[in-house]
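Read through the structure below, which is laid out as structure tokens, and then see the notes.
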Amino acid sequence: PLPPLCLPVLPHGRGGDFVNALLVMAHGSPRTQANEDIVRAADSLRGSGRYPIVVVGYLDCNDPDIPAAIDECVAAGATKITAVPYFLHSGRHFLIDIPEILSGGALRHPGVEILMGDYLGRMPQIADILRDRVAAVR
């Protein structure tokens with residue numbers, strides 16, 4: 001597995017007593033049904049109990065946007081936010097837009113550690129998923 005990408009410009013959290021929030025970041029769509037998969041994935045993660053706070057934030061078209069989702073995590077008590085992009089490739093949003101948004105969140109919330117994970121498309125399991133999709137077509 002690949003290590004998470006850490007944004008070195010972001011401040012470190014307070015001591016060792018973290019309340020870790022999971023921020024799942026998606027592009028968003030004006031078509032409500034297109035967002036149902038990300039909401040289902042977040043609900044599943046929330047139900048696992050691993051993260052006391054799980055929030056979806058959208059880059060475009062939907063609420064909450066990513067800055068508001070960061071604020072929501074902090075308002076719920078997060079001292080550390082693990083922000084994971086629900087993106088398949090490393091385009092402009094992943095490389096530029098999201099890091100800038102997360103940096104802005106860190107400036108608004110000093111003392112809250114924000115870590116950015118890698119995008120989904122880099123995961124080796126993607127090839128297995130593609131094979132499953134091909135098999136389903138037959």
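The values are calculated or read from the model by the stated rules, or taken from the named source; none is laboratory data. Computed from a predicted model, the values in this text were never measured in an experiment. Positions of Cβ are generated from backbone atoms using ideal geometry, with glycine treated the same way; all protein chains shown enter the neighbour counts. SASA here: full protein model, heavy atoms, side chains in, ligands and nucleic acids out. Shrake-Rupley method; radii C 1.70, N 1.55, O 1.52, S 1.80 Å.
If I take R0 = 25 Å and measure r between the Cβ atoms of ILE96 and ARG133 in this structure, what FRET efficiency does the formula 1/(1 + (r/R0)^6) give, to the nearest 0.05?
Numbers: r = 30 Å, r/R0 = 1.19.
It comes out at approximately 0.25.
If amide H atoms are built 1.01 Å from N in the plane of the peptide, which residues on other chains or at least 5 residues away come under 5 Å of the amide H of ILE114?
ILE81
Relative contact order, percent, of the chain when contacts are C-alpha pairs under 8 Å separated by at least 6 residues? If you can, show how the numbers build up before the last one.
Details: 234 pairs, mean separation 46.5, N = 138.
Over the chain, the number comes to 34 percent.
Out of all Cα-Cα pairs in the chain, roughly what percent, to the nearest whole number, are more than 28 Å apart? Don't skip to the end; give the middle numbers.
Details: 1616 of 9453 pairs.
Here the long-distance tail beyond 28 Å is 17 percent of all Cα pairs in the chain.
Nearest 500 deg cm²/dmol is fine: what mean residue ellipticity at 222 nm does the chain get from its DSSP H runs of n ≥ 4 alone, each adding -39,500 (n - 2.57), divided by its residue count?
-10500 deg cm²/dmol
Assign unit charges at the C-beta atoms only (+1 for Lys and Arg, -1 for Asp and Glu), then state the dipole size of the stretch 64-127 relative to its Cα centre in Debye, rounded to the nearest 20.
With only Lys, Arg, Asp and Glu charged at Cβ, the dipole is about 160 debye.
Note down the relative contact order for the stretch 68-129 as a percent, whole number, built from C-alpha pairs under 8 angstrom at least six residues apart.
In percent, rounded to a whole number, it is 46.
How much area per residue is accessible in the chain when the probe is 1.4 Å and only protein heavy atoms are counted (Å²)?
That works out to 59 Å² for each residue.
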